[in-house]
1. Mind checking the full-extension length gain between Asp218 and Asp172? Use 0.36 nm per residue of separation minus the Cα-Cα distance, one decimal, nm.
2. If the elastic network links every pair of Cα atoms under 10 Å, which of Glu207, Glu155, Glu116 fluctuates the most in the Gaussian network model of the chain?
3. Compute the convex hull volume of the Cα atoms of segment 118-242, divide it by the residue count, and report the result per residue in Å³ as a whole number.
4. Only Cα pairs under 8 Å and at least 6 apart count here; give the relative contact order of the chain as a rounded whole percent.
5. Hey, what angle do you get for helix 181-190 against the long axis of the chain, alpha-carbon based, 0 to 90 degrees rounded to 10?
6. Using the basic label-point model (7 angstrom from Cα toward the beta carbon), what is the Ile104 to Thr149 distance in nanometres?
7. With a point put 7 Å past each Cα toward its Cβ, work out how far Glu81 is from Asn42 in nm, to one decimal.
8. Tell me the carbon and sulfur percent of the accessible area for the chain, rounded to whole percent, probe radius 1.4 Å.
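The values are calculated or read from the model by the stated rules, or taken from the named source; none is laboratory data. Remember, it's a predicted structure, so these values are computed and weren't measured experimentally. Don't worry about glycine lacking a Cβ; one is built from the backbone with ideal geometry, like all the others, and counts go over all protein chains shown. Only protein heavy atoms, including side chains, enter the accessible area calculation; ligands, DNA and RNA are left aside. Shrake-Rupley method; radii C 1.70, N 1.55, O 1.52, S 1.80 Å.
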Amino acid sequence: MNIEEIVEWFNRERTPALTPGEVQELYFQLHPRTAFLKNLPNGARVVDIGAGDGSLSLFRGWPRPVRQDLKMYAYSIEKGEHFDKFDGYEISDWNVAPPSFDGIDFDALVSAHFIEHVADPTSLADWMRRKLRPDGRAYIEWPSEASLTLPGIDEVKGRGVDLMITRFDDDDTHQAALPARDRMRSALVAQGFEIEQEGVIRLPWIEDQLMASFRNADDVFCRQAAFWLATGWSQFIVARRR
């Protein structure tokens, strides 16, 4: 999308078909990251690599189905707001010392918007081979190539479009090069993983409904989520250890 297309998309009039609460719930139910978590086997032990504020832990209880049976662990460079809601966590700089989680292996891994921050994104595949059990599954999400072609956040804000980020390089904690999906796929296969799903995250109707309810909201998250959906900003891979 160019700047004119973004301005038109942002200002377009839409009619809500759901309440704000309903569209938020449906967004998280249908998003592949949350759907992956909600569909793990009963009692699965899952680690969130690059856990940020730890908000993944909140999805044990909402939206439906409730999955309080999951055992959840977190890893990040610093302790997030919700880390005490996990069953355990580790803190370190991945580039210096990835987590050990001594004596613990995992049935599943979630890593969302992490690999674009580390020097060698394929090092995650090696760590997964060592820490995931056979048949363990992983969900990896990161920016797509579309994030490289968008106008920058300053230009967008200058046209009255209130978002947090537009281009990949708006975030100066990102590495200089975007991890290519072909590279990640090859690294996973080389470590003995089968690719189950991959693609760009698009939910067109949900995108429209998020904008219908939240375009002028004080909290920017929902319209930012709509922008990510509209532009195909995020890509993902689901892989299973053979």
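1. Working: separation 46, 0.36 × 46 = 16.56 nm, distance 2.50 nm.
Answer, rounded to one decimal: 14.1 nm.
2. Glu155
3. Working: hull volume 15.1 nm³, N = 125.
Spread over its residues, the Cα hull of segment 118-242 gives 121 Å³ apiece.
4. 22
5. 10
6. In this crude label model, Ile104 to Thr149 measures out at 4.1 nm.
7. Label-label distance for Glu81 and Asn42, simple model: 3.4 nm.
8. On the way: 5370 of 11080 Å².
After summing per-atom areas, the C and S share lands at 48 percent.
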